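Visitor: One structure, as structure tokens, below. Some questions next.
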Amino acid sequence: MWEVIKSGRIWHGELQNKRKDGTLFTEKAVISPVINSEGETVHYIGIKEDVTEVRKAEADRMQRLERRHKEVEVISLVASSPYLIEGEVNALADLISEKAAELLGTDTMGVWLFDEKKENLVNIASYSSTLGKLEPGFVLSEQACRRELNILRKNRYVDANDAQNDSRVAAYVDNYLRPHQVTSTLDVEYRDWE
């Protein structure tokens, strides 16, 4: 910037600046030297516009676009998976749990299905970003979790952002969530419309 304006030219660009309270912001600026009759630069004039919110909105939009792109990749991968085509539910659940954990940026992801009698919720696949594939098979029984499973059956989903304190998932806090260090859950019931 200084090299341009000291040479007598107008500079256009963005600057990172600091407010009086110490917070940083981005400015779009045009700075021009003011030259006297002898051709000397006597001072500079600048026109500035705070574009912090504009840049933040652009970055958020790009982040959402990148996420949508990843979602499409995962959906395409699952939709074209030989596991889906061949009906290999457990292998497909392994693939879904791994790719969903990566996509959502969460450490642990699991796929749970109701058993044939629709009395127990059975973990058929779990994946941890830090540990890899986890051992499936944990069961949440109807007897122990009746209220919570009924909530899941009645709703399309249960989104428990603070799972260890959410009454909708209270029955499995002590026996599953806390021991596995799960802090939030998104429980979605797949409905077979047969």
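The values are calculated or read from the model by the stated rules, or taken from the named source; none is laboratory data. Given the structure is predicted, the values throughout are model-derived calculations rather than measurements. Glycine gets a Cβ as well: all are built from the backbone with ideal geometry, and neighbour counts include every protein chain shown. Surface accessibility is based on the protein's heavy atoms, side chains included, excluding ligands, DNA and RNA. Shrake-Rupley method; radii C 1.70, N 1.55, O 1.52, S 1.80 Å.
Visitor: Tell me which residues, restricted to the stretch 73-95, are among the aliphatic types (A, V, I, L, M) and either modelled with pLDDT of 90 or more or in contact with a Gly (Cβ under 9 Å, 6 or more places away or on another chain) (or both).
Guide: To start, the set of residues in the stretch 73-95 that are among the aliphatic types (A, V, I, L, M) comprises 74-75, 77-79, 84-85, 89, 91-93, 95.
Hits for the stretch 73-95 are ALA91, LEU92, ALA93, LEU95.
Visitor: Could you check, for the stretch 16-28, whether at least one of its residues is of a type in the set (Gly, Ala, Ser) and open to solvent by 50 Å² or more (accessible area, probe 1.4 Å)?
Guide: No, the stretch 16-28 contains no residue that is of a type in the set (Gly, Ala, Ser) and open to solvent by 50 Å² or more (accessible area, probe 1.4 Å).
Visitor: Residues that are among the small types (Gly, Ala, Ser), within 20 Å of ASP115 (Cβ to Cβ) and either assigned to a helix (DSSP H, G or I) or without any contact (Cβ under 8 Å) to a residue 40 or more places away in the chain (or both): does the stretch 168-176 have at least one? Show your work before the answer.
Guide: Kept after step one, since they are among the small types (Gly, Ala, Ser), are these residues of the stretch 168-176: 170-171.
Next, from what is left, pick out any that are within 20 Å of ASP115 (Cβ to Cβ): 171.
Imposing the further condition that a residue be either assigned to a helix (DSSP H, G or I) or without any contact (Cβ under 8 Å) to a residue 40 or more places away in the chain (or both) reduces the set to 171.
Checking the stretch 168-176: at least one residue is among the small types (Gly, Ala, Ser), within 20 Å of ASP115 (Cβ to Cβ) and either assigned to a helix (DSSP H, G or I) or without any contact (Cβ under 8 Å) to a residue 40 or more places away in the chain (or both).
Visitor: Sticking with this one: Testing LEU104 on (1) touching an Asp or Glu at 6+ places or on another chain (Cβ under 9 Å); (2) of a type in the set (A, V, I, L, M); (3) within 23 Å of HIS69 (Cα to Cα), one condition comes back false. Which one is that?
Guide: Every listed condition holds for LEU104 apart from (1).
Visitor: Right, something else. Exactly one of (1) over 27 Å from ALA79 (Cα atoms); (2) not in a loop (DSSP other than H, G, I, E, B) is unmet by THR183. Its number?
Guide: Single failed check for THR183: (2).
Visitor: Of the residues GLU135, GLU142, which is open to solvent by 50 Å² or more (accessible area, probe 1.4 Å) and either touching a Pro at 6+ places or on another chain (Cβ under 6 Å) or free of Cβ contacts under 8 Å to residues at least 40 places away in the same chain (or both)?
Guide: Values: GLU142 fails: open to solvent by 50 Å² or more (accessible area, probe 1.4 Å).
The match here is GLU135.
Visitor: While we're here: Test of understanding: among ASP187, ASP159, ASP174, which residue is open to solvent by 50 Å² or more (accessible area, probe 1.4 Å), of a type in the set (D, E, K, R) and under 25 Å from LEU95 (Cα atoms)?
Guide: Values: ASP187 fails: open to solvent by 50 Å² or more (accessible area, probe 1.4 Å); ASP174 fails: under 25 Å from LEU95 (Cα atoms).
One residue alone meets the criteria, ASP159.
Visitor: Among the candidates GLU102, GLU116, which residue alone is open to solvent by 50 Å² or more (accessible area, probe 1.4 Å), in a loop (DSSP other than H, G, I, E, B) and among the acidic types (Asp, Glu)? Give the steps one after another, and end with the answer.
Guide: Details: GLU102 fails: in a loop (DSSP other than H, G, I, E, B).
Residue meeting the stated conditions: GLU116.
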